[in-house]
1. Among the residues of the range 235-291, write down those that are touching a helix residue (DSSP H, G or I) at 6+ places or on another chain (Cβ under 9 Å), among the basic types (Lys, Arg) and assigned to a loop (DSSP other than H, G, I, E, B).
2. Pairs under 7 Å by beta carbon, first residue farther than 19 Å from GLY102 by Cα in the range 135-164, partner assigned to a loop (DSSP other than H, G, I, E, B) and open to solvent by less than 40 Å² (accessible area, probe 1.4 Å), six or more apart or different chains?
3. When you go through (1) over 22 Å from ARG42 (Cβ atoms); (2) modelled with pLDDT of 95 or more; (3) open to solvent by less than 30 Å² (accessible area, probe 1.4 Å) one by one for GLY252, which number turns out not to apply?
4. Give just the number: which of (1) among the small types (Gly, Ala, Ser); (2) closer than 30 Å to ASP321 by Cβ; (3) surrounded by 21 or more Cβ atoms within 10 Å (Cβ to Cβ) does ALA198 not satisfy?
5. Check the range 255-268 and report whether any residue there is open to solvent by less than 30 Å² (accessible area, probe 1.4 Å) and of a type in the set (Ser, Thr, Tyr).
6. Across the range 276-320, what is the number of residues that are over 18 Å from the mean Cα position of the chain (by Cα), open to solvent by 40 Å² or more (accessible area, probe 1.4 Å) and under 27 Å from LEU241 (Cβ atoms)?
7. What are the residues in the range 12-38 that are under 24 Å from ILE243 (Cα atoms), out of contact with any Lys or Arg (no Cβ under 9 Å at 6 or more places or on another chain) and in contact (Cβ under 8 Å) with a residue 60 or more places away in the chain, if any?
Amino acid sequence: MPKKLNISALNLVPVRAGTNASQAIEDMVDLAEHIDGSNYQRYWISEHHNMTSIASSATRILIKHILENTEHLRVGSGGVMLPNHSPLIVAEEFGTMHAIYGDRLDIGLGRAPGTDMATANAIRRSNHDGVFSFKSEIEELKRYLSSVPTHVIAYPGKGTEIPLYILGSSTDSAHIAAELGLPYAFAAHFAPAQMENAFKIYEENFKPSNQLDAPYKMASLNVIMADTNEEAEFIKTTHYLNILNLIRNTRGQLPKPVENMEDRWSPREEQAVKTQFPIAFSGDKKKAMEELRLFQSQFNVDEIMAVSYIYDMNDLKKSYDLFEELVGEYNG
């Protein structure tokens, strides 16, 4: 019998065509309010910089805004990019939110800067080798959040034991997650190629910790569902156009869907988009159920974080509703 599958949401806070950052943040809250109190366990916000198409640069401010507008969801980072931030400041800021909102916070941690190197330099961390000291910075953050005596005290933060999660898009972070005994979230929504190997490394090398007794595998996956396959085909052209712009380095706001893609990409571009940024579950519930069962037969994850590049907010919320129903039926 398959294990119970948990679900959560990851939001990059896209700026939809014809709108601005203010509207993107309103849309972010709208979705959070919509799934608050549902079977979605957590709602994570990513960290990106130097992108006018994504409004998630000040991640912790957005997390606080979501906490203010929800009651049940766990809210966190997908993730805090540690090369950009002092572990002490991360502990203090999340500790402060914990003092205000209680135990509803997660800290997902990434080893990349979430941007290009020129922007990473502009962020002005004095130590730019955070990428290479990822494990030690995680351990430092963990100490600040624990009750273990430390010479420098993160207050608020100390003793909160806010759970940590390791993010990865290659096999590198799998080793660290396993050694530290932390949950491991793989970014398959944009880099699925190494997921199978990463999970294998994680499971085979996992060491239990105070936070976690056994491996906990999470996958962020693109989900675009609708009442019919035809509707989904139309809606997901937004995803395709968005990724196509990324590949062409002509990034713009999240585009409206179009009737067909045939005259908009070359066969090579189509292959690149669908290979590098595949839509894991799409269409109606029947089609998506087949895809979900196939995925779980191969990866057997504990949790899926749904990512959806959908232009219309009603379509977006409908997709999240249908995915929730789908997983409910899958869990039986």
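The values are calculated or read from the model by the stated rules, or taken from the named source; none is laboratory data. None of these values were measured; they are calculated from a predicted model. As a convention, Cβ positions derive from the backbone with ideal geometry for all residues, glycine included, and neighbour counts pool all protein chains shown. Ligands, DNA and RNA are stripped out before the accessible areas are found, and what is left, the full protein with its side chains, is counted by its heavy atoms. Shrake-Rupley method; radii C 1.70, N 1.55, O 1.52, S 1.80 Å.
1. Of everything in the range 235-291, those that are touching a helix residue (DSSP H, G or I) at 6+ places or on another chain (Cβ under 9 Å), among the basic types (Lys, Arg) and assigned to a loop (DSSP other than H, G, I, E, B) turn out to be ARG251, LYS256, ARG264.
2. GLU137/GLY130; ARG143/THR150
3. Against the list (1) over 22 Å from ARG42 (Cβ atoms); (2) modelled with pLDDT of 95 or more; (3) open to solvent by less than 30 Å² (accessible area, probe 1.4 Å), GLY252 comes up short only on (2).
4. (2)
5. no
6. Residues in the range 276-320 being over 18 Å from the mean Cα position of the chain (by Cα), open to solvent by 40 Å² or more (accessible area, probe 1.4 Å) and under 27 Å from LEU241 (Cβ atoms): 11 in total.
7. Correct list: LEU12, PRO14, VAL15, THR19.
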